[in-house]
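Heads up, the thing below is written out as structure tokens.
The values are calculated or read from the model by the stated rules, or taken from the named source; none is laboratory data. Fair warning: this is a prediction, and the values are worked out from it, not measured in the lab. No Cβ is skipped: glycine too gets one built from the backbone with ideal geometry, and neighbour counts run over all protein chains shown. The area values use the complete protein model at the heavy-atom level, side chains included, leaving out ligands, DNA and RNA. Shrake-Rupley method; radii C 1.70, N 1.55, O 1.52, S 1.80 Å.
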Amino acid sequence: MSHNTFGRLFRVTTWGESHGPAIGCVVDGCPPRISLSEADIQPWLDRRRPGQSRFTTQRQEPDRVRILSGVFEGLTTGTPIALQIDNVDQRSRDYSAIAAQFRPGHADLTYELKYGIRDYRGGGRSSARETAMRVAAGGVARKVLGDGIRLRGALVQIGPHRIDRSRWDWDAVKANQFFCPDPAAAEVWEAYLTEVRKAGSSAGAVIEVTAEGVPSGLGAPIYGKLDAEIAAALMSINAVKGVEIGEGFAAAALSGEANADEMRMRDGVVEFASNHAGGILGGISTGQPIVARFAVKPTSSILTPRQTVDRTGQDIEITTRGRHDPCVGIRAVPVGEAMIACVLADHLLRHRAQNPDAPTMARMPRN
């Protein structure tokens, strides 16, 4: 099975299965002499950790990360950084009934068709358990980016219920179990997901991630576009079915005048009157906040019987048991942040290599 690595200069390779003894990743390309410890990574993993509310899977995993290599006396050495998390709460017996059955909405069928073999225990490699290592790698990426770049994510929609953007409060994101910036919407979501959970069903979600303080000039035209690689990174997250940058699909309903982000000079710096482009033009960062959203489908593991087939080609009915998130989008918030952090770290290193003396933050030279 190939394609377990993403990035060019800042490269991340993940390994492990949902019900194996451990999961891990190798981060290659991290510059040397950056302060790094487990304590820098663990807080991000704690935000993603399962079992923290009744609206996430009740699998109890502490997700304690260990740094196995690439750090000496508290500093990165420039060599590969190996990270590992032990799996401690597997219940493989929950999946024995589906060993020869294909769950609708899951990767069971496609893995079987491609490889002729699959690890049915919790989805094996296709499980969202793998995303814990993306979050760990994102913790390393944040250290590369430094304190000047701030990444924040929030849930902006669950099922048909969207937030009211006029009530957006970043402090509220930390105060509720949904990463929701609108306290009133969080109350609606709680009631809605309670009913969804009781029915044995699931709901989808939309997550928004912003990156502030990103210097201008990251990305490259045509095949190295920053927005294209952000989109690819977010689309690689389990259950993601759509990505948009800035106005995204809503831009199709705008006029050219409304969509254009007008510019003026102020103290030698280009200022934008709006940010419909989401901080990226022509695949290159403008210095404005980067804004990306991604849609997560409803969790495919549900108690409602569904029609499917088995390995012998028989038509059957299936009910998925086990511990599952009624809305997997909740824990996707820190995963989305991590993936954008990794992409930005990769592009920052590429930019430094090619344009070490380029102007930043949209500062333009004067004649």
Task: Paramagnetic reach from residue 311 (point 7 Å along Cα→Cβ, amide N under 17 Å) across region 103-119 - done: 103-104, 107-119
TODO: Would you mind calculating the gained length between residue 97 and residue 68 on full extension (0.36 nm times residue separation, minus the Cα-Cα distance), in nm to one decimal?
DONE: 6.8 nm
Task: residue 170-residue 262 pseudo-label distance in nm [points 7 Å out on the Cα-to-Cβ vector] - done: 2.7 nm
Open item on the list: With +1 on the Cβ of every Lys and Arg and -1 on the Cβ of every Asp and Glu, and nothing else charged, how large is the dipole of the chain about its Cα centre, in debye rounded to the nearest 20?
Closed with: 620 debye
- [ ] List the equivalent ellipsoid semi-axes of region 120-165 in whole Å, largest first, each obtained as the square root of 5λ for an eigenvalue λ of the Cα gyration tensor.
- [x] 25, 24, 4
TODO: Give me the number: length gained by fully extending residue 199 to residue 42, i.e. 0.36 nm times residue separation minus the C-alpha to C-alpha distance, one decimal in nm.
DONE: 53.1 nm
Open item on the list: Taking 0.36 nm per residue of sequence separation and subtracting the Cα-Cα distance, how much length would be gained by fully extending the chain between residue 22 and residue 276, in nm to one decimal?
Closed with: 87.2 nm
- [ ] Quick one: check the C-alpha center-to-center distance for region 231-287 versus region 69-147, whole angstrom.
- [x] 31 Å
TODO: Determine the calculated [θ] at 222 nm for the chain from helices alone, applying -39500 (n - 2.57) to every DSSP H run no shorter than 4 residues and normalising by the residue count; nearest 500 deg cm²/dmol.
DONE: -7500 deg cm²/dmol
Open item on the list: What is the angle, in °, between the Cα long axis of helix 226-235 and the longest principal axis of the Cα atoms in the chain? Nearest 10 is fine, range 0 to 90.
Closed with: 10 degrees
Open item on the list: Using a Gaussian network model on the chain with a 10 Å cutoff between Cα atoms, which of 264, 150, 350 fluctuates the most?
Closed with: 264
Open item on the list: Please report the net charge: other residues with Cβ closer than 11 Å to the Cβ of residue 277, K and R +1, D and E -1.
Closed with: -3
Task: Normalised contact order of the chain, rounded percent, pairs of Cα under 8 Å and 6 or more residues apart - done: 22 percent
Task: Probe 1.4 Å - accessible area at residue 235, Å² to nearest ten - done: 90 Å²
Task: Mean projected area (nm²) of the alpha-carbon convex hull when the chain is viewed from all directions - done: 20.3 nm²
Open item on the list: Can you give me the Kirkwood hydrodynamic radius for region 99-183, using every pair of distinct Cα atoms, in Å to one decimal?
Closed with: 16.4 Å
Task: Accessible area (Å², per residue) of the chain, counting only protein heavy atoms and a probe of 1.4 Å - done: 48 Å²
- [ ] Take the solvent-accessible surface of the protein heavy atoms, probe 1.4 Å, and return the percent of it on the chain that carbon and sulfur atoms account for.
- [x] 52 percent
Task: Reduced Cα scattering model of region 171-255, Debye log10 I(q)/I(0), q = 0.19 Å⁻¹ - done: -1.11
Task: Rg over Rh, two decimals, region 240-367 (C-alpha only, Kirkwood Rh) - done: 1.18
TODO: Working from Cα positions, state the angle (0 to 90°, nearest 10) between the long axis of helix 38-48 and the longest principal axis of the chain.
DONE: 60 degrees
Open item on the list: For the chain, take the longest principal axis of its alpha carbons; what is the angle in degrees between that and the long axis of helix 183-198, to the nearest 10 within 0 to 90?
Closed with: 20 degrees
Open item on the list: Cross-link candidates for residue 198: which aspartates and glutamates have Cα within less than 15 Å, leaving aside residues fewer than 8 places away along the same chain?
Closed with: 190, 325
- [ ] Run a plain Debye calculation on region 223-293 (Cα atoms as equal point scatterers, no solvent) and give log10 I(q)/I(0) at q = 0.23, 0.27, 0.28 Å⁻¹, rounded to two decimals, same order as the q list.
- [x] -1.06, -1.25, -1.29
